[in-house]
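Down below is the structure, laid out as structure tokens.
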Amino acid sequence: MTKRGRDMDLRLEGKTALVTGSSAGIGVGIARMLAAEGALVVIHGRNLERAQGVAAEIRQQGGRCAVACGDLADQAGVDQVAEVALKVSGGIDILVNNAGGSPESVDPSWFSTCTDTWLDTYQANVLAAMRLIQTLVPGMRERGWGRVINISTAAAITPTSAQPDYAAAKAAMLSMSLSLSKALSGTGVTSNAISPGMIRTAGLNTFLANFAAKRGWGNDLTRAEAYVLKGAGQTVAKVGEVEDIAYMVTILASPRADFINGANMHVDGGISPSLH
Ligand SMILES: NC(=O)c1ccc[n+]([C@@H]2O[C@H](COP(=O)([O-])OP(=O)(O)OC[C@H]3O[C@@H](n4cnc5c(N)ncnc54)[C@H](OP(=O)(O)O)[C@@H]3O)[C@@H](O)[C@H]2O)c1
């Protein structure tokens, strides 16, 4: 038997997925993996050129994909993305609310985080996801099957003293994800969240570069990474890769995960141990 023959069929062939924020970082890994499993994936971001680059690479690997770009921080942008995504897919089965994060800030400490930053972070994370859910989930419900997967963060339940707007917005996403699973009770549509820990992306590299520079370590990112990891309290002594999150998304997206609903999957190297 070939290795491929022994792989579990996740039954994603013929499904359609919109992965928000798949023009960069974790979203690229998610889009690649869903496409490799046979789903038609709609690549999304604000930057059209970057999104088209990801789409070209997926097609080169034999995957099926399309592109729908737009800013999700307001209703008009969401409407634009949803309209294109529905047109190119004929209906979205799997919605991965991955776009978002925290706005770049010179000083992310508690008392320097102003009201506008709190509002922007809430818009880009919670309201972006909520608007797409309200637009795309009714179609899933009508078809009797669907998946909503909300990307939160380990910081939602283990916040630090910095970026309070980000941790609070991502905690709101966990609550929203769970209440949605109840609202969709018995419909065949599930709603789950994933809380990633430290994942290797361009953003992490920038953080490590700033960290090293501040301590006079020049461009020694390896030293900065080892220092940060030591203080992070993980029980797996490494930074996660985008594939670590993509595997979890792909499992939750699969019809084989029909019995998982309202969960928050911690993919964080053990940084937030909990009995929940
Ligand atoms: N990286 C980590 O260690 C980590 C840890 C925990 C949780 N997370 C979460 O995982 C998700 C992905 O993070 P990442 O590090 O992969 O982010 P990233 O590399 O900064 O990429 C963010 C993606 O989201 C898109 N995006 C951001 N704001 C948007 C908006 N208002 N409208 C439309 N698209 C928007 C970006 O599109 P354009 O660039 O094309 O504009 C890009 O495709 C985020 O929700 C983040 O909070 C990340």
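The helix-only estimate of mean residue ellipticity at 222 nm for the chain, built from DSSP H runs of length n ≥ 4 each weighted as -39500 (n - 2.57), is -14000 deg cm²/dmol after division by the residue total.
Please work out the Cα center distance from the range 115-157 to the range 66-87, rounded to the nearest Å. Their Cα centres are 14 Å away from one another. Taking other C-beta atoms within 10 Å as the exposure proxy, K230, K15 rank K230, K15 from fewest upward. Distance distribution note for the chain: the fraction of Cα pairs above 36 angstrom is 13%. Counting every pair of alpha carbons in the range 200-239, the share spaced more than 13 Å apart comes to 48 percent. The charge dipole of the range 200-239, taken about the Cα centre with unit charges on the Cβ atoms of Lys, Arg (+1) and Asp, Glu (-1), comes to about 60 debye, rounded to the nearest 20. A crude spin-label estimate for the pair A209 and I260, with each label 7 Å from Cα along the Cβ direction, gives 3.5 nm. Normalised by the number of residues in the chain, the mean separation of alpha-carbon contacts (under 8 Å, six or more apart) gives a relative contact order of 19 percent. The lysines within cross-link reach of K87, meaning a Cα-to-Cα straight distance under 23 Å and a gap of 8 or more places when in the same chain, are K15. Each Lys and Arg adds +1 at its Cβ and each Asp and Glu adds -1 at its Cβ; summed about the Cα centre, the chain shows a dipole of about 680 debye.
Projecting the Cα atoms of G188, T201, T117 onto the dipole axis of the chain, where Lys and Arg carry +1 and Asp and Glu carry -1 at the beta carbon, places G188 farthest toward the positive end. List the GluC sites (Glu not before Pro) within the range 67-167 that fall in a DSSP loop (any state other than H, G, I, E or B) and whose Cβ has at most 14 other Cβ atoms within 10 Å. Hits after loop and neighbour filter: E104.
Ordered by the count of other Cβ atoms within 10 Å of each Cβ, fewest first, V67, V267 give V267, V67. Going by C-beta contacts inside 10 Å, put Y227, Y166 in order with the fewest on the left. Going from least to most buried by this count: Y227, Y166.
For the residues Q234, Q61, Q123, a GNM of the chain with alpha-carbon springs under 10 Å puts the largest fluctuation on Q61.
Every number here is computed from the coordinates shown, using simple stated rules; none is lab data. Nothing here was measured: the structure is a model prediction, and the numbers come from that model. Here Cβ is always computed from backbone atoms with ideal geometry, including for glycine, and neighbour counts include all displayed protein chains.
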